[in-house]
Amino acid sequence: MRTSIATVSLSGSLTEKLTAASRAGFDGVEIFENDLLASPLGPEEIRARCADLGLTVDLYQPLRDIEAVPEEEFARNLRRARHKFELMRRLGADTVLVCSSVHPLAADDDALAAEQLSRLADLAQDFGVRVAYEALAWGRHVSTYDHAWHVVETAGHPALGTCLDSFHILSRGSDPKGIEDIPGEKIFFLQLADAPLLAMDVLQWSRHYRCFPGQGGFDVAGLVRHVLRTGYDGPLSLEVFNDVFRQAEAGPTAVDAHRSLLVLQEQVGVADLPAPVVPTGVAFAELVTSDAGPVADVLAALGFTRGARHRSKPVDLWQQGEARVLVNTGTGVRRGDGTGLAAIGLESPDPPGAARRAEALLAPVLPRRRAERDAPLDAVAAPDGTELFFCATDRPGLPNWRADFEDTGQPAAGTGVTRIDHLALVQPWHHFDEAALFHRGVLGLSAQESVDVADPYGLLRSRAVTGEGGGVRIALSVGAAPADDTVHAQHIALSTPDVVTAARRFRAAGGALLPMPANYYDDLAARFAFADGELETYRELGILYDRDAHGEFRHCYTRTVGRVFFELVQRDGGYRGYGAVNAPVRLAAQHAARRLTGG
Ligand code: MG
Ligand code: MG
């Protein structure tokens, strides 16, 4: 289907918005009146620019407070409309949006509304324009889609149809099934937006919190299925008012937006995308650093062995059980601010298939081979820049990244770490929703609910994405403002069947665990009954505790190295979370540790 986006959904000047929409692959745009008013380009120039960029102008919006008003008011509205229709002719736009009136003088009179909209449509027709009438969720008298359709049907004018907007319909809790009663040719336009499920004034909700389909809590795909059953064949158009998108760079936002429509079209069965290939495990986590010393010390104390070295690059493979950490001291140190998590190897049942899926969903594809002798690996970049390698570790017949490494012959040690439990990635503050959609849509992971976590200096949002069976768990988090990297660090959580033993061995090997405040343990004692001595052990080692309906979680943290720290986790009985309830205490402890070390 054709895809379109309202210019209000993107930041920047009109020209910047048009360029971003075109580059991301949209077929058309809705031009928002304010974007046109503020542009130095005349309507003909905008029309030419759109044509050059391969964009059609699918909608001009909006005309407001038109209908069901006193006659003298309506005469003024017609005069204004005539100007706008003239402008649209110059712009090459053939559909105008009319939002249901919020005018204080508007009458609760469907017959009058229909009659005036019919006269507006008469005028529009003279200019080759169609009028799409949309129910605002906060319209004074018309606030539901079926009411707007009733008015349109009453008017019975060929140049008057309705515009459906998923936000206005779903925010009111209207049943979208009734859309199927509207003839498809009378649905002149379809605007799509999702939103998080919030209990707030619907106008504020709409103006500030809309997001792209798949990023919120609405069943946008379900609504679109009803619309498609009517025979609607116009564009799927995104109209998203969002405080974050208004500030974020237009280019990545437009890509995020178009990706959301590709995933949506797949959901409703009108897109032909390569099937998702869900990763089954973490092959490796790759750290880049300019100084391997500090991170090597931590890994050694954690029981990792520097078991292999890359044949041609300064990359060491540290291993323990199935947990593998690459330490790269070569090029590629990102952001120049110390040790960071730069790449993740995902164990994939079909690496080339996973890459094809990612590419079809607009993920930047990375070169398959870094050096002549390297195994050709399929890799893409995630929105935060993290490189994702699709791996087939030691699987015959497939390129094997492990074969690029030569064993050092160092004997395995171990503190009982078996595998990587989860990876925690800090997202740029304006890419949080995009990251969740990316990991879900591109990688086929399932997203859990977003949670708010209190940091002493701000609020963090966190959302986990997981594969079936917990083989891949990624916790995405973001600060409310541009993050303080040194505290809001990424982390690698290592799974162990016995966190107390692992923590003791780590300490005995010279490792430093993050100390936790005594008050935390007093609170734990109040919340749970522990066996004799258990709590004292946790207090001594800085082990945190949580429990859910499925099981228990015990975890502790190393000191931060650069922008990364490690977590030891013991997950028992099918516990599903990440200890989010403990995160505020951990964050405060990290702030305190940083002040002490002057880091
Ligand atoms: Mg709308
Ligand atoms: Mg964690």
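Data table
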item: Number of the condition not met by residue 33 [criteria: (1) surrounded by fewer than 19 Cβ atoms within 10 Å (Cβ to Cβ); (2) touching a His at 6+ places or on another chain (Cβ under 8 Å)]; result: (2)
item: Count of the range 132-174 residues which are more than 26 Å from residue 225 (Cβ to Cβ) and aliphatic (A, V, I, L, M); result: 2
item: Inter-residue pairs, beta-carbon under 6 Å, first over 19 Å from residue 578 (Cβ atoms) and in the range 494-511, second at pLDDT 95 or above, 6+ apart; result: 500/537; 506/301; 506/302; 509/301; 510/301; 511/301
item: Which numbered condition residue 539 fails, given (1) free of Cβ contacts under 8 Å to residues at least 24 places away in the same chain; (2) surrounded by 15 or more Cβ atoms within 10 Å (Cβ to Cβ); (3) in a loop (DSSP other than H, G, I, E, B); result: (3)
item: Odd one out for residue 551 among (1) modelled with pLDDT of 95 or more; (2) in contact with an Asp or Glu (Cβ under 9 Å, 6 or more places away or on another chain); (3) within 15 Å of ligand 2 (Cβ to nearest atom); result: (3)
item: Any chance residue 505 is over 22 Å from residue 338 (Cβ atoms), basic (Lys, Arg) and either in a strand (DSSP E or B) or at pLDDT below 95 (or both); result: no
item: Filter result for the condition that a residue is more than 16 Å from ligand 1 (Cβ to nearest atom), within 25 Å of residue 459 (Cα to Cα) and out of contact with any strand residue (DSSP E or B) (no Cβ under 6 Å at 6 or more places or on another chain), over 539, 554, 527; result: 527
item: Residue check, residue 63 within 16 Å of ligand 1 (Cβ to nearest atom), in contact (Cβ under 8 Å) with a residue 12 or more places away in the chain, assigned by TED's automatic domain parsing to the domain that holds residue 112 and surrounded by 20 or more Cβ atoms within 10 Å (Cβ to Cβ); result: yes
item: Which listed residue is among the hydrophobic types (A, V, I, L, M, F, W, C) and either assigned to a helix (DSSP H, G or I) or closer than 22 Å to residue 129 by Cβ (or both), from 106, 93; result: 93
item: Candidate set: the range 12-21, residues that are surrounded by fewer than 19 Cβ atoms within 10 Å (Cβ to Cβ) and among the hydroxyl-bearing types (Ser, Thr, Tyr); chosen: the one farthest from ligand 2 (Cβ to nearest atom); result: 15
item: Exclusive hit being of a type outside the set (Asp, Glu), within 16 Å of ligand 2 (Cβ to nearest atom) and under 30 Å from residue 250 (Cβ atoms), set 423, 388; result: 423
item: Residue satisfying all of: in the range 554-577; more than 11 Å from ligand 2 (Cβ to nearest atom) and assigned to a loop (DSSP other than H, G, I, E, B); nearest to residue 536 (Cα to Cα) among these; result: 559
item: Selection count where residues are under 22 Å from residue 153 (Cβ atoms) and in contact (Cβ under 8 Å) with a residue 40 or more places away in the chain, scope the range 185-223; result: 7
item: Residue match in the range 428-451 (condition: exposed (fewer than 14 other Cβ atoms within 10 Å of the Cβ) and either β-branched (Val, Ile, Thr) or over 19 Å from residue 489 (Cβ atoms) (or both)); result: yes
item: Contacts under 8 angstrom Cβ, first residue in the range 411-440 being assigned by TED's automatic domain parsing to the domain that holds residue 459 and in contact (Cβ under 8 Å) with a residue 40 or more places away in the chain, partner within 16 Å of ligand 1 (Cβ to nearest atom) and not aromatic (Phe, Trp, Tyr), 6 or more apart; result: 433/211
item: Scan of the range 157-170 for residues that are within 16 Å of ligand 1 (Cβ to nearest atom) and either at pLDDT below 95 or of a type outside the set (Ser, Thr, Tyr) (or both), ordered by number; result: 161, 163, 164, 165, 167, 168, 169, 170
item: From the options 589, 526, 580, residue that is hydrophobic (A, V, I, L, M, F, W, C) and away from ligand 2 (no atom under 14 Å from the Cβ); result: 526
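The values are calculated or read from the model by the stated rules, or taken from the named source; none is laboratory data. Owing to the predicted nature of the structure, the values given are computational and were not obtained by experimental measurement. Glycine also receives a Cβ, built like all others from the backbone with ideal geometry; neighbour counts cover every protein chain displayed.
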